[in-house]
Amino acid sequence: MEPTDIKKAIECIIFVSDQPVSVDKLQQVFTELEKGDMRKYLKELIQEWGALGRGIILEEVAGGYQFRTDPAYSEYITNFNKRVKKFRLSRAALEVLAIIAYKQPVTRVEVESIRGVDSSGVINALLERRILEIKGRKEVIGKPFLYGTTGEFLEVFGLKNLSDLPTLKEIDEISKNLDTGILSLPEELS
């Protein structure tokens, strides 16, 4: 099979999938390709789709590859499709999510000890939205649930994996810049 045909077939697979498609899943289809070649084709496809300057982009997200709409046009999508709702999280939900994302797997009591307030309602809401999931039980008295983030979390926040989360040093720098009012934005956002 020619490289252009392989890339077209990869595009088709990613297009019809309702979840990000991993390299391993693609390897099951293209058994004759090495992982390095598969990654090369995917990198080329990302560049080609980006160069088109269209409303659809190909991104690496949540451990796989997915076609996504350009975030710049989300308002139009929401206006067109009323079932698509803007995803807003309260400050409490963001706090809980950040604690769990960085410390997972973690119990509700551990989250509450950091926040200093009851977090059960927020955790339940995040579980309903499938951003968090129960990862198991902690082997202590009472065997409380352990919570962690999901692939949906990675998709919503556009992360390839958890190592893409900002480091504490990066967060501190962002916080300092917000406190002083000095925040350098990319030209297209300023």
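The values are calculated or read from the model by the stated rules, or taken from the named source; none is laboratory data. On a predicted model such as this, the values are computed, not experimentally measured, just so you know. Please note: Cβ atoms are built from the backbone with ideal geometry, for glycine as well, and neighbour counts cover all protein chains shown.
Miscellaneous remarks
- Test: residue 116 is closer than 19 Å to residue 165 by Cβ, in the same structural domain as residue 161 (by TED's automatic domain parsing) and not hydrophobic (A, V, I, L, M, F, W, C): no
- Listed conditions (1) assigned to a loop (DSSP other than H, G, I, E, B); (2) of a type in the set (S, T, N, Q); (3) free of Cβ contacts under 8 Å to residues at least 24 places away in the same chain are all met by residue 19, apart from (3).
- Candidates 100, 77 - the one that is in a helix (DSSP H, G or I), within 18 Å of the chain's Cα centre (by Cα) and among the aliphatic types (A, V, I, L, M): 100
- Close pairs from region 68-92: first closer than 30 Å to residue 120 by Cα, partner in a helix (DSSP H, G or I) and modelled with pLDDT under 85, Cβ under 9 Å, at least 6 apart: 84/74; 84/77; 84/78; 85/78; 86/74; 86/75; 86/78; 87/156
- Test result for residue 8, over 26 Å from residue 152 (Cβ atoms), exposed (fewer than 14 other Cβ atoms within 10 Å of the Cβ) and in the same structural domain as residue 56 (by TED's automatic domain parsing): yes
- Filtered by the rule that a residue be part of a helix (DSSP H, G or I), of a type outside the set (S, T, N, Q) and more than 14 Å from residue 58 (Cα to Cα), region 1-16 gives 3, 5, 6, 9.
- Each residue in region 107-145 was checked for being closer than 22 Å to residue 88 by Cα, under 24 Å from the mean Cα position of the chain (by Cα) and part of a loop (DSSP other than H, G, I, E, B), and 4 pass.
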